[in-house]
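The values are calculated or read from the model by the stated rules, or taken from the named source; none is laboratory data. These numbers come from a predicted model, not from an experiment. FYI the Cβ positions are ideal-geometry reconstructions off the backbone, even for glycines, and counts take in every protein chain you see.
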Amino acid sequence: MRAREIMTAPTFALAPTATLDEAAEMMTAHGFTTMPVVDADGRLLGLLSEEDILRVPAAPGDPDTGVLLGGGPRTAGSVMRTSGLAVPADTDVRELARRMTDAGVRSAPVVDGGHVVGMITFQDVLRASARR
């Protein structure tokens, strides 16, 4: 079984210009913990997680953190992580589970030619294992 067979597609993605408030709203509305940040052509630029948003200082020099505590609108592109796990669509599910566990991530974008084609989570992998 391959990643493309169990991924969630189509997936929601953020533009690098999306504000952190917009990102937080999209994540909570759709139940995501991590979202890909893509360019206008759908190519993966980075990942933005709930934790990334909550670590942002409310204002420069402010000891409080979190976009919801105030501060100016920052963007997904200014906070996203550019390193992280992205998996090719043809990755075997057993290999995928190992890579996700080794990387310490619960979700990862699925890419084909650098374009995000879906998202995969531990829950998707567990569901696939239960079907076997």
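In the range 1-19, what count of residues is obtained for those that are modelled with pLDDT under 90 and touching a Leu at 6+ places or on another chain (Cβ under 9 Å)?
0
Among the residues of the range 4-18, count how many are out of contact with any strand residue (DSSP E or B) (no Cβ under 6 Å at 6 or more places or on another chain) and either under 15 Å from Met80 (Cα atoms) or without any contact (Cβ under 8 Å) to a residue 40 or more places away in the chain (or both).
The qualifying residues number 3.
Could you list all residues from the range 19-41 that are in contact (Cβ under 8 Å) with a residue 60 or more places away in the chain and surrounded by fewer than 16 Cβ atoms within 10 Å (Cβ to Cβ)?
Within the range 19-41, Thr33, Asp41 meet the criteria.
For the range 99-128, which residues satisfy the criterion of being part of a loop (DSSP other than H, G, I, E, B), in contact with a Gly (Cβ under 9 Å, 6 or more places away or on another chain) and not hydrophobic (A, V, I, L, M, F, W, C)?
Correct list: Gly114 only.
Could you check the range 7-18 and list, in sequence order, the residues that are buried (at least 18 other Cβ atoms within 10 Å of the Cβ) and assigned to a loop (DSSP other than H, G, I, E, B)?
Matches in the range 7-18: Met7, Thr11, Ala13, Ala18.
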